[in-house]
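To start, the structure under review is shown below, and the notes come after it.
Read-outs throughout are calculated quantities, based only on the coordinates presented, and are distinct from any laboratory measurement. As the structure is a prediction and not an experimental result, all values here were calculated from the model. Here the Cβ positions follow ideal geometry from the backbone for every residue, glycine too, while neighbour counts run over all protein chains shown.
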Amino acid sequence: MRQAIPAGRTAAHAVPRAISDRTICGLFMAPALAILLLMVAYPFISLLYYSTLNFSILNPAKGSEFIGLQNYTRLLSRESVWERFVFTGQFVLATVVVQFCVGVAVAYAFQRNFKGRDLLFTIAMLPMMLCPIVVGFLWRYMFNSEWGVVNYLVTLLGFGKIDWLGVPGNALWAVVIADAWMWTPFVILLATAAFRGIPTDINEAAEIDGASPFFRFTRVTLPMSMPILLIAFLLRLIDAFKQSDLFFAMTGGGPGSDTETVAFRLGKIAFSHFYTGQASAFAVIMLVIIIGLSLIFVRLLTQQGRQD
Amino acid sequence: MPFHRQPILIPAIVIGIYMIYACGPLLWLVLSSLKDRQELFSWPPSLFFTPDLSGYRMVFGIGEAAETATALGLTDALINSVVISVSGTVLAVAFGTLAGYACSRFAFPGRDDFMFFALSTRMIPPVAVLVFYHVMFSRLGLSDTRTGLILVVTFINLGLATWIMKGFFDGVPEEIENIALVNGYTRLYAFWNLVLPMVRGGIAATAGFCFIFAWNEFAFSTILATTQAKTLPVKISSATGATGIEWAQICAAGVVLVIPVAIFFWLIRKYLLMGMTFGVLGRSRT
């Protein structure tokens, strides 16, 4: 009779004080949850609270005055603020489109097996690993209108020297080139991961059926790698929207304040002018946009997941 | 093999053009780090010249170059950077692994909300919360300390680590723990001795990503580390002296900074790709 008891049962009796799954789950979640809550909850509550105050961190003795939503209305009624949003939008659109077209094409080309591919691939990843501040200074050095190497190449092609960083329109493209240089590798990495995840027999079947390489790319490869590509797109979109390191190093926001992104302007309000209340309101607006964007993408992703 | 019959020409051209774009500036970074003051500003820019190591000497504060007012002397900052990014990476990976396991195996209430919350921490613009970190840190006595920056670095990577690790755990069949439980082992034993060894690659990939972001972190450090705890990127950004920007020194610092990351990346390159796929496949399965 004793032997008939399933092994699991006796074992469970033998270790009566085994920690329950509930406890393990709680213990495992605790550190991550504690750190995330500490680092997010406190600043967020403060952010919402201070965004309704007329307050400067430099002048705490002066006290704070509750002004309701005036920080928001003041910011949103200022044309220079809207200009920053338009400029940031242009930058985000340009850089993400460039990174995506180049990144997906290069990742697709890297699907071919050839000698030394791993080494080339790793070298192609290098820009992403550099420190953003160094990347900014490096491109500023190369874009210098007097002695920069970019203008040397331009003169080799028979054009005159271009004032890359002194004219707002040019500076936008200069930073796009630098940003795309740094972050296209990230798109390549994720797109490669996506392409490798597609079962090879699907492509083989399409090939046997006589599908052209172009058809296979647009009808098989692209749709099947969509979930990862969407995530890559979302991450790049948000990072580009947050971008301020490159502008800090390359243009310093100039000429004037023509190449300040939203994040750059926020940094200025918070840490040059020290308008803490107004900066908080600005940060809330930025966060609303970012959370909105990501909710749209999460919805797209779950839809995509269901279709599969 | 599906790609065999395609012409190699077009992929070769695509990769070739891209490599010129990717490598040109890298080459220029290395060349500029070896140029002396005259070569740096020569027109036309020179490809061949006698290398000059003063940029590197300034970075490490060796010899005469260390006397220059704008020399960085990065040794202190190097120690700070190593301590902060290694501790931050270890903590983020450890906590992310635990949380990733819990999210993969237990359907506790609010799990999906937690996952979105964890991801959304990556979306916060640093400037938006920096003022309050500043206040919070001075209250906790963490201003300008390595401990404070370790906390920040752990925080910025924790969400990503949780996501990638959850993906890897999703790839390990749950039967493994079930069999172990039936045979009288505890879940902790099964987790530590059976499941963890199976996701070693995932841990390596997660550590790789976390280390890149920790090592290069600038936005938080530049405000929170004022003197004592300055890391390498913060120190580099201050290399703009009265005599203008020390280009050779900045480029040399860039080269020095990228070497450990590049070696690390090369070692874990196989797992990186795996990590990204698993992360997403895991997501669409839930």
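Key figures for this structure:
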quantity	calculated
Neighbourhood charge, 12 Å Cβ-Cβ cut-off, centred on B:A99 and excluding it, Lys, Arg +1 and Asp, Glu -1	+3
Residue mean of other protein chain beta carbons inside 10 Å, A:107-114	5
Spatial separation of Cα centroids for the stretch A:88-163 and the stretch B:191-231, in angstrom	26 Å
10 Å Cβ neighbours from other chains, averaged over peptide A:151-161	1
Candidates B:T227, B:T75, B:T186, ranked by Gaussian network fluctuation over chain B, Cα under 10 Å, top entry	B:T186
Crossing angle, helix B:269-285 versus chain B [Cα axis fit, 0-90 degrees, rounded to tens]	40 degrees
Angle in degrees between helix B:200-216 and the longest Cα principal axis of chain B, rounded to the nearest 10	30 degrees
Protection proxy ranking, peptides B:97-104, B:33-40, average beta carbon neighbours within 10 Å, highest first	B:97-104, B:33-40
More than 33 angstrom apart: percent of Cα pairs within chain B	40 percent
Mean ellipticity per residue at 222 nm, deg cm²/dmol - from DSSP H runs of n ≥ 4 across chain B, formula -39500 (n - 2.57)	-22000 deg cm²/dmol
Lys, Arg +1 and Asp, Glu -1 on Cβ, resulting dipole of the stretch A:65-307 about Cα centre, debye, nearest 20	240 debye
Under-5 Å amide H pairs with A:L53, H placed in peptide plane, nonlocal only	A:I67
Mean Cβ count within 10 Å, highest first, over the residues of peptides B:206-219, B:162-175, A:249-262, A:288-301	B:206-219, B:162-175, A:249-262, A:288-301
Relative contact order (%) - the stretch A:96-215, alpha-carbon pairs under 8 angstrom, separation at least six	38 percent
Compactness relative to 2.2 N^0.38 Å, alpha carbon Rg of chain A	1.35
Charge dipole of the stretch B:75-285 about the Cα centre (unit charges at C-beta), most positive-ward option of B:F108, B:S81, B:T227	B:F108
Simple Cβ-charge dipole of chain B, Lys/Arg +1 and Asp/Glu -1, about Cα centre, in debye nearest 20	620 debye
Mean shadow area of the protein assembly as shown, taken as a quarter of the surface of its Cα convex hull (nm²)	33.2 nm²
Cβ-derived FRET efficiency at R0 22 Å, B:F108 paired with B:Y189, nearest 0.05	0.55
From phi via Karplus (6.51, -1.76, 1.60), per-residue ³J(HN,Hα) for the stretch A:246-255 in Hz, x at Gly/Pro	5, 5, 4, 7, 8, 10, x, x, x, x
Estimated 222 nm signal from helices in chain A, with DSSP H stretches of n ≥ 4 weighted -39500 (n - 2.57), rounded to 500	-23000 deg cm²/dmol
The stretch B:9-67 pair-distance distribution - Cα-Cα, 5 Å bins, rounded %	4, 16, 19, 17, 14, 12, 8, 6, 3, 2, 1
Proximal lysines relative to A:K242, as straight alpha-carbon distance under 17 Å, when same-chain residues fewer than 8 apart are discounted	A:K268
